[in-house]
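Engineer: I have a structure here, written as structure tokens, and I will follow up with some questions on it.
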Amino acid sequence: MLVCKFGGTSMANSSTISKVADIVLADKERKYVVVSAPGKREKDDTKVTDLLYKCFDEAAECGNCSKSFAIIRTRFEEIIEGLNIDLDLSEDFEQIEKNINASVTPDYAASRGEYLAAKVLAKKIGYDFLDAAEFFKFSDERFQFHYSLDLLKTTLAEHPYAVIPGFYGSNAEGEIKTFSRGGSDISGAVVARAADARIYENWTDVNGFMSADPRIVENPANIEFLSYRELRELAYMGANVLHPESIFPVRSVGIPINIKNTFEPSHKGTMIVPDDKVSDNTNIITGIAGKKGFTIILVEKSMMNAEVGFCRKVLSVLEYENISFEHMPSGIDTLCVVVSDDLIKNKMQKVVEKVRESVNADNVELHSGISLIATVGRNMAARQGTASTLFSALAKAKINIRMIDQGSSELNIIVGVDTQDYESAINAIYYAFKG
Ligand code: ASP
């Protein structure tokens, strides 16, 4: 059987939801459907989830959220009317508004978009509605995967066809808890695992992963097959088709994830499969992804190489300041630690001083305005010339490389460049490897 998850743009209005209904009903194998809240209908629209967070803030500020909640209510009423279904959600609307006004929690407010969307789709396609709060369980803010899986298996056994809201669950006190933004992808993966799905179909508004960001490279090729490990690298580095954590529930049992396009259902999309099942191709690289907004902390000290515990002391400062780091290339007398600007921005001077003190460094400097670019490909391993192609392309484009990191898995090469060179660097790498 298939488990499918539909994202916000697929659930945006009655006509997109009709497409969702057609897709689900076209294949009897599509037994469990996980949905996001209605997303943007056009570029400048607001997602229902964002409106719900706004309701929460409004209620906290002025005691009620009637202004913003009215917009949400109208949006769902329009959807119900457009779908021509006999569904009255007024009791739900009243209860939700009352709870938000009572300032329950932001998680509760945010989760209601998925809750209502799932009720609508369930009615449209005649499937059972199941409330995710019953079986997605959290404890101390952490999702309880194995416990939830057991609860979910028992529930699914009693409901052969169901629609389940994504994004949220509940804790032992019965309070609603959400995953991080985009978390319906994780919910879908958990349902796929519980249902022992043949494939986890993740329906969105693009034809799967592309080998580079289409806003930077003109018409990049689609990626037909991706291994789980490649997906991790690309998703972490900003290819945001899928929530980076959504592979964990399915990876250990090898359920493939198929990214599909609700607006072009016949397109194959991208198939994400176990590392040993990925079909052979001759492309050296699979994709390029990148992120802006990093700072390099450069630490210099003569004879650093002979000092046992040097890195630990530097990293202890970061740990104490709650800054996780991305990369740590080192030389004989130098060490670079790459961190995200968001994490260091209000602590720059403090970090420099503390690092200097911790190792008695000769020099500590910060270099901001760095972007990281990951060139990812399972075929890079044990093959000569990949790094040479990549670096020659950057040299030819007159781009200075500020940092290089290649893991021993040889699955990716990461370079740090000045942010002003980011777009040209991605184009240079893309065209250098384009077959
Ligand atoms: N609706 C939530 C969000 O906008 C969760 C999701 O769509 O996956 O982040």
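Engineer: Counting only protein heavy atoms, what percent of the accessible surface of the range 389-435 is carbon or sulfur at a 1.4 Å probe?
Structural biologist: 47 percent
Engineer: Pull up all non-local amide H partners of Gly287: gap of 5 or more, or a different chain, and H-to-H distance under 5 Å with H placed in the peptide plane.
Structural biologist: Val376
Engineer: What's the longest uninterrupted piece of the chain once you rule out the GluC sites (Glu not before Pro) that are loop residues per DSSP with at most 11 other Cβ within 10 Å? Spell out each step's value before the answer.
Structural biologist: Working: sites that count: Glu42, Glu141, Glu173, Glu218.
Here the longest run is 219-435.
Engineer: Under the rule of -39500 (n - 2.57) per DSSP H run of 4 or more residues, summed and divided by the residues of the chain, what mean residue ellipticity at 222 nm is obtained, to the nearest 500 deg cm²/dmol?
Structural biologist: -11500 deg cm²/dmol
Engineer: Of the cross-linked pairs Lys123/Lys153; Lys396/Lys434; Lys31/Lys123, which ones have a Cα-Cα span greater than 19 Å in the structure shown?
Structural biologist: In this structure, Lys123/Lys153 exceed 19 Å between Cα atoms.
Engineer: A follow-up question, please. Keeping the other protein chains in place, figure out the carbon and sulfur percent of the accessible area of the range 68-193, with a 1.4 Å probe. Numbers along the way, then the final one.
Structural biologist: Numbers: 2430 of 5450 Å².
The value for the range 68-193 is 45 percent carbon and sulfur by accessible area.
Engineer: Place +1 on the Cβ of every Lys and Arg and -1 on the Cβ of every Asp and Glu in the range 27-99, take the dipole about the Cα centre, and give the residue among Ile85, Tyr53, Gly63 whose Cα lies farthest towards its positive end.
Structural biologist: Going by the Cα projections, it comes out as Tyr53.
Engineer: Accessible area per residue for the range 258-395 in Å², computed with a 1.4 Å probe and the full protein assembly in place, what is it?
Structural biologist: Accessible area per residue, the range 258-395: 49 Å².
Engineer: Round to a whole number: what % of the accessible area of the range 288-375 belongs to carbon and sulfur, probe 1.4 Å? Don't skip to the answer; put the middle values down first.
Structural biologist: On the way: 2170 of 4320 Å².
Heavy-atom surface of the range 288-375 belonging to carbon and sulfur, 1.4 Å probe: 50 percent.
Engineer: Sticking with this one: Once you list every other residue whose beta carbon is under 13 Å from the beta carbon of Pro274, what net charge do they have if Lys and Arg are +1 and Asp and Glu are -1?
Structural biologist: Charge balance near Pro274 sits at +2.
Engineer: Another question, if that's okay. At a Förster radius of 25 Å, what calculated FRET efficiency corresponds to the Cβ-Cβ distance of Gln384 and Glu224, to the nearest 0.05? Walk me through the intermediate numbers first.
Structural biologist: Values: r = 26 Å, r/R0 = 1.02.
The calculated FRET efficiency here is 0.45.
Engineer: Can you work out ³J(HN,Hα) from phi for every residue in the range 86-100, in order, using Karplus 6.51 cos²θ - 1.76 cosθ + 1.60 and θ = phi - 60°, giving whole Hz and x for Gly and Pro?
Structural biologist: 8, 9, 10, 9, 4, 5, 4, 4, 5, 4, 5, 4, 4, 5, 5
Engineer: Tell me, which cysteines of the chain are without a disulfide-compatible partner by the Cβ under 4.7 Å rule?
Structural biologist: Flagged as lacking a Cys partner: Cys4, Cys62, Cys311, Cys336.
Engineer: Return the sequence-ordered ³J(HN,Hα) values of the range 116-122 in whole Hz as given by the Karplus equation 6.51 cos²θ - 1.76 cosθ + 1.60 applied to θ = phi - 60°, using x for Gly and Pro.
Structural biologist: 5, 4, 5, 5, 5, 5, 4
Engineer: Please work out the average accessible area per residue across the range 1-141, using the 1.4 Å probe convention, and give it in Å².
Structural biologist: Values: 6240 Å² over 141 residues.
Accessible surface, normalised per residue, equals 44 Å².
Engineer: Also, I was wondering about something else. If you stretched the chain out fully between Ser316 and Asn283, how much longer would it get, using 0.36 nm times the residue separation minus the C-alpha to C-alpha distance?
Structural biologist: That pair, Ser316 and Asn283, stretches by 7.8 nm at full extension.
Engineer: Another question, then. For helix 348-359, what angle does its Cα long axis make with the longest principal axis of the chain, in degrees from 0 to 90 and rounded to 10?
Structural biologist: Helix 348-359 and the main axis of the chain meet at about 50 degrees.
Engineer: While we're looking at this one, here's another question. Tell me whether the range 109-168 comes out rounded, prolate or oblate; compute the Cα gyration tensor, take square roots of the eigenvalues as a ≥ b ≥ c, and use a/c under 1.5 as the rounded threshold. Please report the intermediate quantities before stating the final value.
Structural biologist: Values: a/c = 3.89, a/b = 1.29, b/c = 3.01.
Verdict is oblate for the range 109-168.
The values are calculated or read from the model by the stated rules, or taken from the named source; none is laboratory data. These figures come from a predicted structure and were not determined experimentally. Heads up, the Cβs are rebuilt from the backbone with ideal geometry, glycines too, and the neighbour counts pull from every protein chain shown. SASA here: full protein model, heavy atoms, side chains in, ligands and nucleic acids out. Shrake-Rupley method; radii C 1.70, N 1.55, O 1.52, S 1.80 Å.
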